[in-house]
1. Ordering Glu110, Glu66, Glu40 from largest to smallest accessible area (1.4 angstrom probe), what's the sequence?
2. Rank these residues by their accessible area, most exposed first, probe 1.4 Å: Val171, Val160.
3. Would you mind calculating the relative contact order of region 102-187 from Cα pairs under 8 angstrom and at least 6 residues apart, reporting the percent as a whole number?
4. Whole-Hz Karplus ³J(HN,Hα) for region 110-126, in order, using 6.51 cos²θ - 1.76 cosθ + 1.60 and θ = phi - 60°, x for Gly and Pro?
5. At 20 °C and 1.002 mPa s, grab the translational diffusion coefficient of region 1-155 from Stokes-Einstein with a Kirkwood Rh over Cα pairs, rounded to a whole number in µm² per second.
6. Would you mind getting the accessible area per residue of the chain, heavy atoms of the protein chains only, 1.4 Å probe, in Å²?
7. Report the full-extension gain for the segment Asn101 to Gln3: residue separation times 0.36 nm, less the Cα-Cα distance, to one decimal in nm.
8. Compute the signed sum of charges (Lys and Arg +1, Asp and Glu -1) over the other residues within less than 14 Å, Cβ to Cβ, of Arg57.
Amino acid sequence: MTQVLPLVLLTGFEPFDGAASNASWDAVLRLARDWDADDEGARLEVACLPVAFGAVRKRLAALVAEHAPAVVVATGVAPGSSAVRIERVALNLADARIPDNDGDQPVDAEVVPGAPLARLATLPVKAALAACRDLRLPVMESLSAGTYVCNATFVHALDVAPDARVGFVHVPREADLDLATTASALREIVRATLGHAGADLHVVGGSIA
């Protein structure tokens, strides 16, 4: 019997705030172009998500229902950053500095009404960070995905894919880090998640700032 390889769902976002492109989706497409399921030991499904508080959960839920992924890694762009950031904490808080692509601009709202204030990523953040640093990739750990649609997507992904290992990664704009390096970092994060069973590495990852 042929073994069915696990499936990784990797998402990026459409452009927003007047931008012509979104580096998260560009990096996802770059990785997908070079992905070999047999070499990686996993299938890859990619999707572009709407930058919209009201639509992103429905899209994510449909993708999870269709593909039953073992791993979900959502990505978004972080203007001003020069490193890829693996997020640890999803906050149940929507407080939008600018309207989303549907014109919605929630203020001090819950992403999922009645849900806990914070949840941790279920992919092995520290193991993924260590794997990237071993290859000298510009990757860092981050404790907050903000309060815009990126963070809301993180919250929803954890909610609609409880059986998957879920995380969120912020990537720099292409002007701040080339797509090939960003795609390499995403690959290593996915590889570490697939290859690291059980609890995450028990190493210091905190900050005093």
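1. Order by accessible area, largest first: Glu66, Glu110, Glu40.
2. From most accessible down to least: Val160, Val171.
3. Details: 43 pairs, mean separation 30.4, N = 86.
Averaging sequence separation for qualifying contacts and normalising by length gives 35 percent for region 102-187.
4. 7, 5, 10, x, x, 6, x, 5, 9, 9, 8, 4, 9, 7, x, 4, 6
5. Rounded, D is 129 µm²/s.
6. 48 Å²
7. Numbers: separation 98, 0.36 × 98 = 35.28 nm, distance 4.13 nm.
Gain on stretching Asn101 to Gln3: 31.2 nm.
8. -3
The values are calculated or read from the model by the stated rules, or taken from the named source; none is laboratory data. All figures in this text were calculated on a predicted structure; none of them were measured in a lab. Cβ atoms come from the backbone with ideal geometry, glycine included; neighbour counts cover every protein chain shown. Just the protein is used for accessible areas: all its heavy atoms, side chains included, with ligands, DNA and RNA removed. Shrake-Rupley method; radii C 1.70, N 1.55, O 1.52, S 1.80 Å.
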